[in-house]
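Presented below is the structure to which this report refers.
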Amino acid sequence: MRNSIFYVLIVVLFTWACSSKTQKHEETSVKETETTAPKSENDGFSALAKSVFEIKTFDGDRILETGKGFMVTPSTIVAPFSLFERANRATISPLNGGADFEVSEFYNYDRINNLILLKTDEPGLEPLKLYGVDKVEGLKTIVVGKKTGNRLPLYSGSCLQKKTLQGRRLFSISNQIGKISSGTPVFVSNGAVLGMGISEEVMFERQYFTVPANEILSLVNKRDEARELANIQKANSVRNASIKQIVLETDYGNITIKLHNETPAYRDNFIKLAEEGFYDSLLIHRVISDFGIQTGAADTRHAASDDIVGWKGPGYTIPANIVDGLYHKRGAIGSPRKPDDKNNQRRSDGSQFYIVTGRLYSDEELDEFEEKNGIRFTAEQREVYKTVGGSPHLDGAYTVFGEVVSGLEVADRLSKFPVKGDFRPLTDIRLKRVRVEY
């Protein structure tokens, strides 16, 4: 932790040193050094501003969020996904004037990088050129303000550097990105887009970043068929109940699982995250011999070897659903959560899950767990824990929502990897992909 704090201090001091002017943060607007640009430069960015938009999202007629977005293909606008989690439509207003229009469909989204691709049929909109280059240190950055009359304000910044923050690869910038400017394109001097502007609180201090253009390009290349925005919130419970199998592809082999229909909220949530690619390339970040393995933390995708991980989910939790008959036998899949003193409702993490490898237990040990945890094991459960194994100390306190069908030997092998003090493996192990088969 001390190293992490020291690194953040270095980043803050470096950013301050490179900034051309001390800036005062305002939560609701962009306030940097305004550039008095040559007429030709203003003219160039005025043309680019035609493809930048103010966005308001709605649930029916109720306004939800405000932000920005910009064109990346002739039919696609990229914007922050967080604007749309509860929305079923949005109004789009061109930054430099022009008629408003609506969008109600999306192609796909990346929850971890906070990106969504919106479908538009509005004619005459030109996509912006994305600057898909990783060497960014020292580049001048420009954010375009809203045109007033014939005046187009350009806000300049600089001092970019690459940074990994909660599993995301970002570029740190000196431009300030206010709340209603989240999603604005951050340009380089030739008019290409370095990435999408965002702000984040880091160690209780507001800092500013771009989500790199390469992440946007990657999402564009994986576009699905357009769907209604309302589908973001929906789960197809009937379809999910008939899944054949789910395959967890790891660096060391595959684990095939099934999800219990008795815990439908957990089943539907897992499938939703799997199908949107949330789990792809996350670390199996916690392994404990005689217990199991754990994965699904959003802060592990690009985590450095010395990062403290396992704290970031998808942005929500799920109510506990402890079902009689679903217990922590060997091969069970459960959902971790924060301790009772910080989580008295025992709500589960929205994305993380563990697979129990466990060990064998004696009747005396099971008696102790019953007394300590206020539970009673059935005769069947006692027999399983004594002959097959599991983790009985978790029963009654954590939700079990699935089990391993095949490949448990892979989890056994991973659970015995050498670890650091926080049970993170010394060698990174990737959950390469979660494949859902209907």
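The values are calculated or read from the model by the stated rules, or taken from the named source; none is laboratory data. It should be emphasised that the depicted structure is a prediction, and the values quoted were computed from it without experimental measurement. Ideal geometry is used to build each Cβ from the backbone, glycine not excepted, and the neighbour counts take in all protein chains shown.
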- Query: Pick from P314, P264: which is surrounded by fewer than 22 Cβ atoms within 10 Å (Cβ to Cβ) and touching a Leu at 6+ places or on another chain (Cβ under 7 Å)?
  - Reply: P314
- Filter the stretch 207-246 down to residues that are farther than 21 Å from T120 by Cα, out of contact with any helix residue (DSSP H, G or I) (no Cβ under 8 Å at 6 or more places or on another chain) and of a type in the set (V, I, T), then give me how many there are. 3
- Exclusive hit being surrounded by fewer than 20 Cβ atoms within 10 Å (Cβ to Cβ) and closer than 19 Å to F70 by Cβ, set S158, S181, S189: S189
- Task: May I ask you to list the residues in the stretch 161-174 that are more than 11 Å from T210 (Cβ to Cβ), crowded, with 20+ Cβ neighbours inside 10 Å and either outside the structural domain of D110 (by TED's automatic domain parsing) or of a type in the set (S, T, Y) (or both)?
- Result: S174
- Query: In the stretch 275-371, which strands (runs of 3 or more DSSP E) lie fully inside it and hold 2 or more residues that are among the aromatic types (F, W, Y) and closer than 24 Å to L248 by Cβ?
  - Reply: 353-356
- Residue pairs qualifying under the 6 Å Cβ cut-off, at least six apart or on distinct chains, with the first in the stretch 201-222 being free of Cβ contacts under 8 Å to residues at least 40 places away in the same chain and the second being among the polar types (S, T, N, Q) and loosely packed, with under 12 Cβ neighbours inside 10 Å, are none
- Query: Filter the stretch 192-213 for residues that are of a type outside the set (A, V, I, L, M, F, W, C) and surrounded by 15 or more Cβ atoms within 10 Å (Cβ to Cβ); which is nearest to D134 (Cα to Cα)?
  - Reply: P212
- Which members of the stretch 58-67 meet the condition of being more than 20 Å from I112 (Cβ to Cβ) and either touching a strand residue (DSSP E or B) at 6+ places or on another chain (Cβ under 9 Å) or basic (K, R) (or both)? F58, D59, G60, R62, I63, L64, T66
- Name the one entry in V405, V410 that is touching a residue at least 40 places away in the same chain (Cβ under 8 Å) and either crowded, with 16+ Cβ neighbours inside 10 Å or in contact with an Asp or Glu (Cβ under 9 Å, 6 or more places away or on another chain) (or both). V410
- Message: Could you tell me how many of the residues in the stretch 103-152 are surrounded by fewer than 14 Cβ atoms within 10 Å (Cβ to Cβ) and in a strand (DSSP E or B)?
- Response: 2
- Query: A235 versus (1) farther than 23 Å from Y354 by Cα; (2) of a type outside the set (S, T, Y); (3) at pLDDT below 95: which is the lone unmet condition?
  - Reply: (1)
